[in-house]
Ligand SMILES: Nc1ncnc2c1ncn2[C@@H]1O[C@H](COP(=O)(O)OP(=O)(O)OP(=O)(O)O)[C@@H](O)[C@H]1O
């Protein structure tokens, strides 16, 4: 699966650009502030309906316009799929796949699986569990068609339950929602658990190449003590939950635990090593998707040289190209990438003040 054409209109400093990328490695280079990350961000926006840089989607719309427009031609199994997205400053969003209006943004994500690696990526290991839950759920969503609905149901039930807790409703009123929560939590947890197990098998080999001699253990925590009956736990914690006004335990607290011996990875590894670990996690996800659904992810790698030495840059690019996926890599100095490759990039683009040109 690859994008054969990308058209960007009024996105950040890019007024208008059209790229015909290669289905292999695409190198995008240019000075600071030229618009390299904006191109990756536009591709991500097309796949997710949001940015990976800002929670405020209107920020990505060019300051001189009131809407952004993105279009791409996706080639999958030799079939063409046309994806179009328009986002207005008032929040309105229109998405079309092959000319048909799409109601749910999850349809976009299903169509265009994207993996992002940025200089900020290693915050996945530092920030709270939310980012790691999103990481697990990306895979759970793609690997099991039942995940999305089960997860939507968990969120709906939790919202109801928390509202009742805040109203100091008696437990007899909450009990009905607890039964629902237990049912959906089990579905979500089973899928997440299975996904992390499959991921772990692939991850071991990749980590061994990136970080030999470091014994990293990756495990899934469900959000409550697995030896405790969840229904009983919810009942036991009712008073605590009423006092807090929210549900203290459950699948909304799930996490991915990464350790070296007894230490959390962030206390045991250097920044560069942490970055490599995040790259290994993202590559493993892409490889697993390929294995399970025969679908390639698209890799967006922003500012690849930062914090990686030449040897690890080379190793990362090798691992990425070996996946057979379409890759977009940005750098200020193209030589930092070209020198790390055994053959030239398949296509190169230069960006200057939002203007994109292909290097022939
Ligand atoms: N909504 C917007 N409208 C117009 N320009 C914007 C908007 N948002 C950001 N910009 C500008 O777009 C430019 C492109 O930024 P971008 O982060 O893509 O550059 P970059 O080439 O990745 O830079 P760096 O190498 O420093 O990471 C910046 O100069 C920024 O000020």
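Every number in this text was worked out from the coordinates using simple rules, so none of it is lab data. These numbers were taken from a predicted model, which means no experiment stands behind them. Cβ placement follows ideal geometry from the backbone for every residue including glycine, while neighbour counts extend to all protein chains displayed.
Values computed for the structure shown
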| quantity | calculated |
| --- | --- |
| Relative contact order (percent, whole number), the stretch 1-142, Cα cutoff 8 Å, 6+ residue spacing | 21 percent |
| In degrees, nearest ten, helix 36-48 long axis to first principal axis of the chain (Cα) | 50 degrees |
| log₁₀ of I(q)/I(0) at q = 0.14, 0.15 Å⁻¹ - the stretch 36-107, Debye sum with one point per alpha carbon | -0.43, -0.49 |
| Calculated [θ] (222 nm, deg cm²/dmol) that DSSP helices of n ≥ 4 give over the chain, each run adding -39,500 (n - 2.57) | -14000 deg cm²/dmol |
| Likely footprinting exposure, 253, 290, 217, fewest C-beta neighbours within 10 Å first | 217, 253, 290 |
| Extended-chain gain in nm, criterion 0.36 nm per residue less alpha-carbon gap, residue 134 and residue 15 | 39.7 nm |
| The chain - percent relative contact order, Cα under 8 Å, separation 6 or more | 27 percent |
| Percent RCO, i.e. relative contact order, over the stretch 122-295, from Cα pairs under 8 Å lying at least 6 residues apart | 33 percent |
| Rotationally averaged projected area of the stretch 158-230 (alpha carbon convex hull; nm²) | 6.8 nm² |
| Whether the stretch 1-70 is rounded, prolate or oblate, judged on the alpha carbon gyration tensor where a/c under 1.5 counts as rounded | prolate |
| Largest-first ellipsoid semi-axes for the stretch 122-295, taking √(5λ) over the Cα gyration tensor eigenvalues, angstrom | 33, 18, 12 |
| Burial ordering of 313, 104, fewest other beta-carbon atoms within 10 Å first | 104, 313 |
| Angle in degrees between helix 129-143 and the longest Cα principal axis of the chain, rounded to the nearest 10 | 80 degrees |
| Acute angle (nearest 10 degrees) that the helix 171-210 long axis makes with the longest principal axis of the chain, alpha-carbon atoms | 40 degrees |
| Per-selection metrics, the chain (Cα): Rg and Dmax in Å | 21.8, 71 |
| Beta bridges by DSSP in the chain, antiparallel share as percent, to the nearest 5 | 70 percent |
